Amino acid sequence: MRIGILVIAVVLQLLAPAALAGGISLTWGSKCLPDALGGNGSDITLQTFACDRNSGVAVMTLSFTPDHPITVMGFRATLLGESNAPLVPSGDVVPSWWQLGAGGCRSSSLSASADFSATQEGHCADPWLHRASGGITAYLAGLPAGELSFTTMQLEYALAEPVALVEEAQYLACQITIDYQKTVGEPECSGCNWSMLWALQSIELIGAAETLILRRPLYNQCVFWQGGDDLSCYARLGIGVPARNTTWGQIKSLYR
């Protein structure tokens, strides 16, 4: 019994720094990762779809923990996607199913929200309380890199009034929804069956005195569509764990 208690204590000590150090998390589903882990056992990092209907949606939830107290007036999140679909003669380097930006095959199938009124609060608190307005400000698909192609997505939100965040607390940031329209039938946007990974590169907490840039994965930083693994995300996209989170002031001081 004493050995068992010792093992539990060691495990808790190993887990605690990651939970308290400050960072970001990304998961499939409508809950932040700690709450999703206690769900029905569904995979929170892998989303699969038979690509056989136009109904339904896939949801990604972004969450974060500040590493020091900060009063914010808004936030910005940046994601990087990678598709393993082959380049085609038409010049499209991202499957048309993932062309979700303006003028894309499925330009009306991507949306975002920072309204968590329908989400039952758990480990992650809703810091915005209906005071955040904004959404997806950029979606750039088709940045070729050898035999692969990259996609960037950026979201920005402004707050109706400043919100004080505390360190070590886990907060919901926003949710991204991808619907399944134009998967089958006419018009059809092909490429739903190709794998895609999404990595949450950063969440920037914008305050009056500083902008705190969070990059470190708190729990999980990558999610996969139709297949993939952590190696392809962390190694190939080059978003390994940084030495520390950084503020704009610290970055600027390096060049003075």
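Bear in mind that the values in this text are calculations on the coordinates, not laboratory data. Keep in mind the model is a prediction, meaning the values are calculated, not measured. Quick reminder, even Gly has a Cβ in these numbers, built from the backbone with ideal geometry, and neighbours come from all protein chains shown.
So the values come out like this:
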| read-out | value |
| --- | --- |
| Proximal charge balance of His123 [Cβ under 15 Å; K/R count +1, D/E count -1] | -3 |
| Efficiency of FRET between His130 and Val166 - r from beta-carbon atoms, R0 22 angstrom, step 0.05 | 0.65 |
| Contour minus Cα-Cα distance for Ala208 and Gln154 (0.36 nm per residue) | 17.3 nm |
| Packing-based exposure ordering (other Cβ within 10 Å, fewest first) of Arg215, Arg131 | Arg131, Arg215 |
| At most 14 other Cβ within 10 Å, DSSP loop - GluC sites (Glu not before Pro), the stretch 93-184 | Glu121, Glu147, Glu167, Glu168 |
| Net charge, Leu155 excluded, C-beta distance under 13 Å - Lys, Arg +1, Asp, Glu -1 | -1 |
| Proximal charge balance of Ser30 [Cβ under 13 Å; K/R count +1, D/E count -1] | -3 |
